[in-house]
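What follows is a set of notes on a single structure, which appears directly below.
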Amino acid sequence: QVQLVESGGGLVQAGGSLRLSCAASGSMCTFNSMGWYRQAPGKERELVARITRSGSTNYPDSLKGRFTISRDNAKNTVYLQMNSLKPEDTGVYYCNYQCYSSGRNYWGQGTKVTVSS
């Protein structure tokens with residue numbers, strides 16, 4: 001199975017920046033996509049950013065221009081650069097890894113991001 005280790009969460013002021021990292025290890029099935037999701041208190045988990053095997057990226061319209069996902073293939077690591085952070089960005093951010101053949105999803109343990117006003 002794929003194991004995901006996340007880091008980079010913390011407390012940041014509104015307008016600030018933060019970079020999250022997710023290192024993948026284990027069986028390393030051919031990946032279809034990797035991404036970041038977040039869950040705010042009392043809300044459902046939502047997509048933040050996703051990068052496909054081909055390198056295409058996807059973002060919600062509300063996050064385009066502020067959040068950027070990237071991947072370092074040599075390190076099996078995906079990053080999420082978050083700029084111009086807002087209090088509503090507060091939540092637990094989860095790394096996701098989807099296998100190409102099976103479609104199985106793996107999730108990290110989550111890293112908490114708190115944006116103060």
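Does TYR100 meet the test of being more than 22 Å from LEU11 (Cα to Cα), modelled with pLDDT of 95 or more and of a type in the set (Phe, Trp, Tyr)? No: the conditions fail for TYR100.
Summed over the range 28-55, residues that are out of contact with any helix residue (DSSP H, G or I) (no Cβ under 9 Å at 6 or more places or on another chain), closer than 26 Å to THR90 by Cα and either open to solvent by 30 Å² or more (accessible area, probe 1.4 Å) or not in a strand (DSSP E or B) (or both) total 11.
Taken over the range 63-87, the residue count meeting the criterion of being exposed (fewer than 12 other Cβ atoms within 10 Å of the Cβ) and either modelled with pLDDT under 95 or of a type in the set (Phe, Trp, Tyr) (or both) is 5. Looking at GLY103, GLY110, GLY91, GLY55, just one residue is under 17 Å from GLN1 (Cα atoms) and among the small types (Gly, Ala, Ser), and that residue is GLY103. Out of all the residues in the range 78-85, is one or more in a strand (DSSP E or B), closer than 19 Å to ASN105 by Cα, without any contact (Cβ under 8 Å) to a residue 24 or more places away in the chain and not aromatic (Phe, Trp, Tyr)? Within the range 78-85, not a single residue is in a strand (DSSP E or B), closer than 19 Å to ASN105 by Cα, without any contact (Cβ under 8 Å) to a residue 24 or more places away in the chain and not aromatic (Phe, Trp, Tyr). Is the range 102-109 home to any residue that is crowded, with 18+ Cβ neighbours inside 10 Å and out of contact with any Cys (no Cβ under 6 Å at 6 or more places or on another chain)? Within the range 102-109 (the criterion being crowded, with 18+ Cβ neighbours inside 10 Å and out of contact with any Cys (no Cβ under 6 Å at 6 or more places or on another chain)), the answer is yes, since at least one residue qualifies.
Among the residues of the range 1-17, those that are open to solvent by less than 50 Å² (accessible area, probe 1.4 Å), assigned to a strand (DSSP E or B) and either at positive phi or modelled with pLDDT of 95 or more (or both) comprise LEU4, GLU6, GLY10, VAL12.
The values are calculated or read from the model by the stated rules, or taken from the named source; none is laboratory data. Source: prediction; values computed, not measured. Cβ sites come from the backbone with ideal geometry, for glycine too, and all protein chains shown count toward neighbours. Side chains are part of the model used for accessible areas, which takes the heavy atoms of the whole protein and leaves out ligands, DNA and RNA. Shrake-Rupley method; radii C 1.70, N 1.55, O 1.52, S 1.80 Å.
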